[in-house]
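Note sheet for the following structure.
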Amino acid sequence: MNHELILTETRGRVGLITLNRPKALNALNDQVMDEISAALDAFEADEGIGAIVITGSDRAFAAGADIGAMADYSYMDAYKGDYITRNWERVKTCRKPIIAAVAGFALGGGCELAMTCDIIIAADSARFGQPEVKLGTLPGAGGTQRLPRAVGKAKAMDLCLTARFMDAAEAEKAGLVSRVVPADKLLEEALTAAETIASFSLPVVMMIKESVNRAFESSLGEGLLFERRVFHSSFALNDQKEGMAAFVEKRKPSFRHD
Ligand code: CO8
């Protein structure tokens, strides 16, 4: 794949996307989001990929949407032209799990990109924030919606209204990130977690992702019913037969991903 602002590679069954605009602290513009979308399309289409990692640099996961690019946009550019916002949904619609491996700044759209992923693993250097209020605007890619679901209303209001940054320890305590690791171990930890996920049955992994996400889109009763139906459907999989047979026979399962 030929990209200018991201790097992509495959490590075993893991697809790795590295944001690569170091001089702009990986600021997100339409081209970056187009390239991320294209990379996700390719990884989704690849049967050999079971999980995806998105990361940035030591200094910044992403310092937000590209302020210079959007400074002079009119309402019609933003609304009718769908500038900045186009392609953001692609991260959400990816059916394979995505881990955000975050070091340094994850601000504004950068924090929102991380929150759109399924798991955030943070380096101890990570700093999260929604400082858009300082720019005369507000979060536009989930900051006012995903952040309160992750950390609760009080802390989300605090971050969005005061523009203060939250360090990795606070983010872990608040439930935004799943684990904090030393900065020099970040990629290794994220890739190991992704490899573990990718070693399991891909359809089961996709069903789990779909079911957990359902918890945020439905009532408890609807979510439980959805989970029950998906659980029932797992008995149609060869991998369910293999997984349970392997346990009974005291051996390692060999999943075929079907
Ligand atoms: N956009 C464009 N360029 C940026 C951005 C950005 N968000 N952040 C940093 N840069 C650039 C700087 O302009 C600078 O470039 P240059 O060297 O050419 O002057 C370079 O990166 C390095 O930055 P600094 O010199 O400022 O580095 P510092 O270490 O002093 O500060 C900070 C680092 C604190 C991260 C600082 O750069 C900063 O505050 N950046 C802006 C953070 C911010 O406000 N982010 C929110 C942006 S708005 C947004 O994300 C809206 C999301 C809506 C998404 C909608 C899609 C649906």
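Couple of notes before you dig in:
- Measuring nothing but how far apart in sequence close Cα pairs (under 8 Å, 6+ apart) lie, relative to its length, the chain scores a relative contact order of 16 percent.
- Judged by the ratio a/c of the largest to the smallest principal axis of the C-alpha gyration tensor, the stretch 194-247 counts as oblate, that ratio being 1.5 or greater while a/b is no larger than b/c.
- Whole-Hz ³J(HN,Hα) from phi, Karplus 6.51 cos²θ - 1.76 cosθ + 1.60, for the stretch 14-30, glycine and proline x: 10, x, 10, 10, 10, 5, 9, 10, x, 5, 9, 6, 6, 4, 9, 10, 4
- Relative to the current alpha-carbon distance between V212 and N20, full extension at 0.36 nm per residue lengthens the span by 66.1 nm.
- Calculated on the Cα set of the chain, radius of gyration then Dmax: 19.0, 65 Å.
- Along the stretch 193-203 the Karplus relation, 6.51 cos²θ - 1.76 cosθ + 1.60 evaluated at θ = phi - 60°, assigns HN-Hα couplings of 4, 5, 4, 4, 4, 5, 7, 7, 4, 4, x Hz to successive residues, with x for each Gly and Pro.
- Top of G48, G175, G136 by mean-square fluctuation, Gaussian network on the chain, Cα under 10 Å: G136
- With a Förster radius of 30 Å applied to the beta-carbon distance between V248 and E89, the computed FRET efficiency rounds to 0.10.
- Highest GNM mean-square fluctuation among V230, V151, V248, for the chain modelled with Cα contacts below 10 Å: V248.
- The stretch 1-126 shape via C-alpha gyration tensor axes, a/c threshold 1.5: oblate
- Tail fraction, Cα-Cα pairs, the stretch 122-240, threshold 23 Å, whole percent: 51 percent
- Cross-link reach list, lysines versus K155, counting only Cα pairs under 22 Å and skipping chain neighbours closer than eight places: K134, K173
- Gyration tensor (alpha-carbon) shape descriptor, the stretch 56-145, a/c threshold 1.5: oblate
Every number here is computed from the coordinates shown, using simple stated rules; none is lab data. Predicted model only: the values in this text are computed from it and were never measured. Here Cβ is always computed from backbone atoms with ideal geometry, including for glycine, and neighbour counts include all displayed protein chains.
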